[in-house]
1. Just give me the residues in the range 98-139 being more than 16 Å from the ligand (Cβ to nearest atom) and touching a residue at least 60 places away in the same chain (Cβ under 8 Å), in sequence order.
2. Hey, can you tell me all the residues within the range 34-51 that are over 11 Å from LEU75 (Cβ atoms) and within 8 Å of the ligand (Cβ to nearest atom)?
3. Looking at the range 46-79 only, could you name the residues that are outside any helix (DSSP H, G or I) and over 22 Å from ALA260 (Cα atoms)?
4. Exactly one of (1) buried (at least 24 other Cβ atoms within 10 Å of the Cβ); (2) more than 12 Å from the ligand (Cβ to nearest atom) is unmet by GLY60. Its number?
5. Out of the range 117-133, which residues are under 13 Å from ILE8 (Cβ atoms) and either assigned to a loop (DSSP other than H, G, I, E, B) or at pLDDT below 95 (or both)?
6. Taking the range 140-157 as the search range and keeping residues that are touching a residue at least 60 places away in the same chain (Cβ under 8 Å) and assigned to a loop (DSSP other than H, G, I, E, B), which one is nearest to VAL108 (Cα to Cα)?
7. Yes or no: the range 227-248 includes at least one residue that is buried (at least 22 other Cβ atoms within 10 Å of the Cβ), within 16 Å of the ligand (Cβ to nearest atom) and at pLDDT 95 or above.
8. Check LEU161 against each of (1) surrounded by fewer than 17 Cβ atoms within 10 Å (Cβ to Cβ); (2) of a type outside the set (Gly, Ala, Ser); (3) assigned to a strand (DSSP E or B) and name the one condition it does not meet.
Amino acid sequence: MKKKILVIGSINYDLVVFTPRHPAPGETIIGSRFQTFPGGKGANQAVAAARLGGNVQIIGNIGQDGFGEELLENLCINQVDTTCIKRVNDSSGTALITVNADGQNSIVVVPGANATLGKEDIEGLRDTIQSAAVLVVQLEIPLEVVTQAIDIAYTAGLIILLNPAPAMSLPQETLQKVTYLIPNESELALLSGLPTDDLEGCRRAAQVLLSKGCNQIVLTRGDQGAFVFNQTGEIFVPSFKVPVVDTTAAGDAFIGGLAAALADGIDLQIALLRASAAGALAVTKAGAQTSLPDITELDDFLKKHKQEVKTH
Ligand code: RIB
């Protein structure tokens, strides 16, 4: 049996409009198409890891509504263990997403059932957390749930991946317990209090977090590649050049890919390459979970696109 990846996070129903451009405040524009997709950062990262061969379980709440039915069914189809999902008397989480002609998105999340996940739920699932090898968390569920799960996982010796999205400030003791903190540039800026407009700014911001006791910061910079900053130096993973259709869930594909590789004991540099390839493949298709690659697609892509990781 493969080592378990436990994702604790949001499960959303994505309502997506594709438009030539994002509307300005007060402006009405005509969109080209409307579609719905299963989404939510937690569920996306769980499905991403499962499609890449991970043994994945998710803890999260969904509503007793039609959206919840579909979301649950989709997780099951993707071989994610859903036995710890609770159906609550609330609406399922929704995300209102606008994607422009360049594939860039803006997202408003209404947490709904995701916000009802409580510390008592996590306490009741202590054994489930302790039996995993990797914990993956994000910030679309209450912060106190995230910090409590990290406390339990840290004491049990799990590898902990925290995607600080949407961005918010975090307790220092939580940051110190995380094995890999995985922000994008705007999240890194908020956490460090420094601008991250260019690479030098990102380096300075990462140093602030390292000086506060963060272990490893994996910065995702979209088509500018990914960087790992740690106490021994820097690792750079260039991005794969692909046609961009929709960037939604590219970061989630990266994180799921990283989790799957780390759970399999794969060396960090190779794990980063696999994560980067998963992120690249995700931008070539529309939607969140609909865009996540399976292991055959990922391996074929990596055979065709040689890429090198640089360390210094
Ligand atoms: O990261 C992309 C996700 O963010 C979407 O699927 C949406 O649900 C929001 O959670």
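1. Across the range 98-139, the qualifying residues are ALA101, ASP102, ASP121, ILE122, LEU125, THR128, ILE129, SER131, ALA132, ALA133, VAL134, LEU135.
2. Initial filter on the range 34-51 (over 11 Å from LEU75 (Cβ atoms)): 34-37, 39, 41, 45, 48-49, 51.
Those that are over 11 Å from LEU75 (Cβ atoms) and within 8 Å of the ligand (Cβ to nearest atom): PHE37, GLY39, LYS41.
3. First, the residues of the range 46-79 that are outside any helix (DSSP H, G or I): 52-65, 78-79.
Result: ASN61, ILE62, GLY63, GLN64, ASP65.
4. (2)
5. Answer for the range 117-133, where residues must be under 13 Å from ILE8 (Cβ atoms) and either assigned to a loop (DSSP other than H, G, I, E, B) or at pLDDT below 95 (or both): LEU117, GLY118, LEU125, ALA132.
6. GLU140
7. Within the range 227-248, one or more residues are buried (at least 22 other Cβ atoms within 10 Å of the Cβ), within 16 Å of the ligand (Cβ to nearest atom) and at pLDDT 95 or above.
8. (1)
The values are calculated or read from the model by the stated rules, or taken from the named source; none is laboratory data. Everything numeric here is computed off the predicted structure, so don't read it as measured data. Note that we place each Cβ from the backbone using ideal geometry, even for glycine, and neighbour counts take in every protein chain shown.
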